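What follows is a single structure, written as structure tokens, with notes after it.
The values are calculated or read from the model by the stated rules, or taken from the named source; none is laboratory data. Not measured: the values here are computed from a predicted model. As a convention, Cβ positions derive from the backbone with ideal geometry for all residues, glycine included, and neighbour counts pool all protein chains shown. What goes into the accessible areas is simple: the full protein's heavy atoms, side chains included, and nothing from ligands, DNA or RNA. Shrake-Rupley method; radii C 1.70, N 1.55, O 1.52, S 1.80 Å.
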Amino acid sequence: MEEKPVEKNMGWSDQAIVKTTSKYAKPVSKVSIDKQKSKYKHQLGKKLTQTLLPLIAGVIMIMLWEWQVFHSLFNLQTYQLPLPSTIVEAMIDNRAILLSYAGYTMSEAVLGMLFGSVLGFGFALTATAWPKWGKGGLVLIASLNAVPIVALAPIMNLWFGDGMGSRIAIVTIMTMAAMAINAHKGMSVVDPLALDLMHSYAAKKHEVFRYLRVANSLPFVFTALKINTTASMIGAIVGEFFFSSKGLGYMLSNSIKVAKMPLGWSCIVVAAIAGVVFYLVVERMEKIFLKWHSSQRI
Amino acid sequence: MGMQSVLNRRWLPTFVWIIGLVLFWELASWFLLHVSEAPMAQSKIPYIHELIITFTEYGTTLFIEGRATFSNAAIGFLLGAVLGVTLAVLMSVSKWIEQLTFPYAVASQMIPILGLAPIVYGIMRDEQVARILIAGYITFFPVALNMLRGLRSVDTSALELMYSYAAKPWMIYWKLRFPAALPGLFSGLKIAAPLAVTGAILVELMGAQNGIGVIMLRNLYYGPSHNYMFWSTVIVGAFLGVMSYLIISLLERFLAPWQADFRTNGGDR
Amino acid sequence: MNRNLKAHRVMFMVLVSTLFVLLLSACDNDSASGNTDDELIPVKLQLKWVPQAQFAGYFMAIEQGYYEEEGLDVEIVAGGPDIVPEQQVANGAADIGIGWVASLLPHQEQGLPLVQISQVYQKSGLVLVSKNEVGISSPEDLAGKKVGNWMGGNEFEILALFDKYGLDQNSDLSFVKQGFTMDQFLSGEIDAASAMTYNEYQVVLEEGFAESDLHVIDMNDEGVAMLEDNLFANTEWLEENKETAAKFVRASLKGWEAAIEDPETAVDSVMSEAEEGSTSRDHQLKMMEEVAKLILPEGFDPADIGKIDDEMFKQTADIAHEYGVIEEPADLDKAYTHEIMEMVNEE
Amino acid sequence: MKRDTTCYLVVILLTNMTLTSETQEKGEISMTIVRTPEIQLDQVSMLYKTDTTEVLALKDVTVDIKQGEFVSLLGPSGCGKTTLLRIMADLIQPTNGEIKVAGETARTARLAQKYGIVFQSPVLYDWRKVKQNINLPLEMLGVKKAEREDRVDSLLELVGLEDFKDKYPWQLSGGMQQRVAIARALAMEPEILLMDEPFSALDEFSRERLNEELLSIWSKVGSTVVFVTHSIPESIFLSDRVFVLSPHPGRLSSIVDIPLPRPRTQGMRNSPEFFQLISDIRDSFEGV
């Protein structure tokens, strides 16, 4: 009964610190503001400035770019750094092919990420189930993370041909390690009491996994998935630089070679949008999935 | 004595794994070459003993080029790390700067940054600068974001303690926020280090005067007869990536030894 | 605990000092290479690709001191898959570049200040190569096959070939990107691969194929050839350095003549530039042989080495226009100039 | 200690550089502190506002704490005792009323570094070893290195943690960590020691032992102590006076003098006087 006011109390007292701000207290207030942000009523106005400010900054940047301020500042020519208007123009002119290439690249990224994540999760399961040997294997998989993808591209091309397969393989390898490491962490950092509880039920090994470890690893799994969205886009695009006849990466490197800079830039813009959308989708999934997960636990 | 046996036991599984993989690889290589007689068998899975021979033969070249790649990556990495830390500090000091830059920092995380390489290369007049720039750019954001998270992770009571000492802002940073942010900083650096190497090699593959990527490219180009040398360059590239990660991990052990990850002393029970 | 500590400390020191040495030595390398003689005029040459016999003439000219005789200090900058010589020269990263005419034209159209000053290769070195078993005995047989090219400006001769035989690249066959290796061809992924007579074709032969195992479609024979390796310069730079450009071309062509006459020495000078282990001398010798055929084709007057053939340039520009490389017909007066070659020949 | 110099190579180097400049600035301050602590609160009220609600956390609290006195703020959760302590510490400012510390504002007292604070949790800095944690306020004060080492050693002795000085906080039990926190609060020899339920997370045994230790430390240091607790026996055992607070709104309901002699011993907990005091204080709650 009494708990709630106390909790609020703390919030308020933090706020009070903000009010007292002397010049010394400034950094203190920062933290308090962050923590309290969501509780504020005048949230809306805050959100507005939060989106408006960067938006305005972005618009100004684009205008400076369009008006060739950067060009004169860094002594660039428009054929080196095309103007935003010409980029947009190129995007509109080539929208059909850009769209289909974006779809192609995205399918490589998504498929590769799915394979990589499933494999990584599988490795994590095995490594948790048989820790003695599993961990050693995990070290090796983790070191895959440090292998430069560009070195993988030609090899994957040899192994899987010049079609989609080789890029999917690259993305698979790139995403596998992050998933394996994170999922393993999630499965092994289990509350010892929860483990004891499982023991008291005489739960078998696979039951412990099913009821406890897998669920416990979910937040970690989603962290890995979020890391992997970026990695998979990079993998797909860089893979396409080398042997692909389709996709954003192919078009990007090709248009630069034939002096179609605006088209090259529009590939980057499309790739960026695709990357952000991909990320947001995974984040959305995390919200849905983890909400379900925590509601299951209560 | 005691320590050594612990060490042995701890690394034994990894060691066995490596041996196992090498044997498997040799077998697969032999299978592909003699049993299934696949086209370009040795390019797909080369004999490891042949690679070792190549290594001994061209060790100097590989070392020199690997060093060139590594130093370019390292310069870019250091530059990116310094800038990243600076931005994180600025963001933690000023709400204004944070609101301005944070959304872009996050968005740029989701952009396939390496895709920018050809364009940066096109704008820059110098491959060295391009390599350093791309390695730095890759390093910049993970470091800035993780550092910021670290600076923010400071708990309110710890700040109040400083406040009660009437600590000046720079004191609070020096004594509290920076050390508290070290683990975050290192996780950012550990993500960035191999990526910086990747970035440097990518630029080299596009065309450069020196670096491991350059011989990688040339050996690819001159066909399957150079496949052992090509594979050697791949191994050197991988080695550089792993090395960069290990160096950062080792540094972390020195500069932030209190972390939970370092607490368990033994290996597996 | 204590021992652990000591080990750590030692490792730390080793680490710090190696890093330091690495960085220092990297810096050293850079500063050591910058000794230029005051009297020599520095010229930077951007290659289209990695150092190899394709560019033997320039290496020869350096090695034999031809540039120095002309009072030039020439630095050769290697190229690569994503280095666009036209952009490098427009940027000012190099003064003179080697590229293909089909690549020069669109860059000129985009407004890059470039002009061709010499045409080193008189013939196209591009062929489509296929294994006999695939059954391509004439260009018509390409229908339904998988044909590869490196794209990025290299594909237009092939497109013109398709056109000549009424093949639609989108519906009649599959035209795909080929990596800068012959792997796809060797492993059978591509039926007909693009190859330069002086390199990729040689790679295939080195892999154990006999010439009789292969069928070759030569762009020159089909009349769809475009001009390849040329020399072009930055217009602004050229305006003030015509003398230098002429000296450079003169020495370069002298280098080529010498290289054609004495391939062994030429290849030696190439090999000293190529990284150890990345290519073989035999391969470069072969390349030199083939390259000689392109620079000095049968029946070509040796006095005309490097001359820009108006008719051939026009054919190249027409093909480029037809296949959308350039949107407008090329302005031939601005695309190239005979002036430098005339200056070369004056002496 | 050798480990410091090697492991923290860079950090230490820089720290030393900053320290020397600090010492020059205010090296003398700690020597010339005039001991006149005295806390006066006059009609202090604290009103928390949001857009929809207002909560009066403290209403018209007037207290007067003498120099060298050990005072407890006692009351149930939500009665505003922590708020009161935070007002004294200048962590927050009251909406009404006045607070004077040694005749000056709380802010002045804070800036003069007169406070030592112990929170509910130890709030040790993970990256500092035990001795370095205790060292922290001394570094902030700009005390010279040699002197710091001496003082840390004696503090460690005081709280009985000599053997743990090179350990990291995570290597210590909760009770030990809280003792480090106390040692840290005492390090600067604060005129006023503010303690916010410092032992609430501990078990009864450790708590009683630490109570006794705290008193013995206090007897040596002689600071004014304000101790927040919700345990009646704890407040009686420790204090000269107990300020009983009642909730909704938080106000001072009574002040109970504790006439038990000092030094206090565990035996006193079983004395009839002790029990009488407990029931007196309990009554004062029921009276509300």
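Scaling against 2.2 N^0.38 Å puts the C-alpha radius of gyration of the range C:162-249 at 1.56.
Relative to one another, the C-alpha centroids of the range C:305-347 and the range A:141-220 are positioned 58 Å apart.
Of all the options D:THR52, D:THR82, D:THR62, the one that moves most in a Gaussian network model of chain D with Cα springs shorter than 10 angstrom is D:THR52.
Suppose R0 equals 56 Å. What FRET efficiency, 1/(1 + (r/R0)^6) with r the Cβ-Cβ distance, do A:SER85 and D:SER173 give to the nearest 0.05?
Step by step, r from the Cβ atoms, then E = 0.25.
Structure remark: mean-square fluctuation, Gaussian network model of chain B, C-alpha springs under 10 Å; the largest value among B:GLY59, B:GLY241, B:GLY184 belongs to B:GLY59. The tail of the calculated P(r) for chain D beyond 24 Å holds 54 percent of all Cα-Cα pairs.
How big, on average over all directions, is the shadow cast by the Cα convex hull of the range A:84-297, in nm²?
Numbers: hull surface 54.1 nm².
It is 13.5 nm².
For the protein assembly as shown, the carbon plus sulfur part of the accessible surface works out to 60%, probe radius 1.4 Å.
Taking a ≥ b ≥ c as the square roots of the eigenvalues of the Cα gyration tensor of the range B:113-259, is the shape rounded (a/c under 1.5), prolate (a/b larger than b/c) or oblate? Before the final figure, lay out the partial values.
On the way: a/c = 4.45, a/b = 2.42, b/c = 1.84.
It comes out prolate by the Cα gyration axes.
Ordered by solvent-accessible area of protein heavy atoms (1.4 Å probe), largest first, the residues A:MET285, D:MET176, A:MET233 come out as A:MET285, D:MET176, A:MET233.
For the pair B and C, how large is the buried accessible area, both sides, in square angstrom to the nearest 100, if the probe is 1.4 Å?
Working: alone 16640 and 17260 Å², together 29990 Å².
Roughly 3900 Å².
Once the partner protein chains are put back, the range B:233-255 shows a loss of at least 30 square angstrom of accessible area, versus the chain by itself, at B:VAL234, B:ALA238, B:VAL242, B:ILE247, B:LEU250, B:LEU251, B:PHE254, B:LEU255 (probe 1.4 Å, ligands and nucleic acids excluded).
Estimate the FRET efficiency between B:TRP11 and B:MET243 by the formula 1/(1 + (r/R0)^6), using the beta-carbon distance for r and 22 Å for R0, to the nearest 0.05.
Details: r = 18 Å, r/R0 = 0.80.
Efficiency for this residue pair is about 0.80.
Sort out for me the Cα centre separation of the range B:44-112 from the range B:137-179, rounded to whole Å. The distance from the Cα centre of the range B:44-112 to that of the range B:137-179 comes to 25 Å.
Using a 1.4 Å probe over protein heavy atoms, the accessible area lost on pairing C with A, summed over both chains, comes to approximately 1900 Å². Measuring with a 1.4 angstrom probe and ignoring ligands and nucleic acids, B:MET171 comes out at about 10 Å² accessible.
I'm checking a number: the convex hull volume of the Cα atoms of the range D:105-172, normalised per residue, in Å³. What is it?
106 Å³
Compared with the dominant principal axis of the Cα atoms in chain B, helix B:127-152 is inclined by about 40°.
Judged by the mean number of other Cβ atoms found within 10 Å, the most tightly packed of the peptides D:127-133, B:97-103, B:12-18 leads the ranking D:127-133, B:97-103, B:12-18.
What is the distance in Å between the Cα centres of the range D:125-158 and the range C:247-270? If you average the Cα positions of each part, the centres end up 76 Å apart.
The calculated FRET efficiency for the pair D:ALA201 and B:LEU21, based on their C-beta separation and a Förster distance of 45 Å, comes to about 0.35.
Just reorder C:ARG250, D:ARG110 by solvent-accessible area, largest first, 1.4 Å probe, all chains present.
Details: C:ARG250 40, D:ARG110 0 Å².
If we order C:ARG250, D:ARG110 from most to least accessible, we get C:ARG250, D:ARG110.
Built from the Cα atoms of the protein assembly as shown, the convex hull projects on average onto 54.0 nm², one quarter of its surface area. Excluding ligands, DNA and RNA, the accessible surface per residue across chain C is 41 Å² with a 1.4 Å probe. Can you classify chain C as rounded, prolate or oblate using the Cα gyration tensor, where a ≥ b ≥ c are the square roots of its eigenvalues, rounded means a/c under 1.5, and otherwise it's prolate if a/b beats b/c and oblate if not? Because a/c hits 1.5 or more and a/b fails to exceed b/c, chain C counts as oblate.
Hydrodynamic radius of the range A:178-278 by the Kirkwood approach over all distinct alpha-carbon pairs: 16.5 Å. Working note: Cα gyration tensor of chain B, eigenvalues times five, square-rooted, sorted largest first, giving semi-axes of 41, 27, 14 Å.
Chains D and B together bury roughly 2700 Å² of accessible area, counting both sides, with a 1.4 Å probe on protein heavy atoms only. Put a dot 7 Å past the Cα of C:ASP309, heading toward its Cβ, do the same for C:ASN170, and the two dots end up 3.4 nm apart.
Rounded, prolate or oblate: pick one for the range B:156-231, where a ≥ b ≥ c are the square roots of the eigenvalues of its C-alpha gyration tensor, a/c under 1.5 means rounded, and failing that, prolate if a/b is larger than b/c, else oblate. Since a/c reaches 1.5 and a/b is larger than b/c, the shape of the range B:156-231 is classed as prolate.
Total lysine pairs in the range D:121-189 at Cα distances under 16 Å, for residues eight or more apart or on different chains: 6. Legend: distances between Cα atoms for A:LYS246/C:LYS146; C:LYS242/C:LYS334; A:LYS205/A:LYS287; D:LYS59/D:LYS100; C:LYS145/C:LYS177; pairs beyond 20 Å are A:LYS205/A:LYS287. For the range D:121-189, the solvent-accessible area with a 1.4 angstrom probe is 36 square angstrom per residue.
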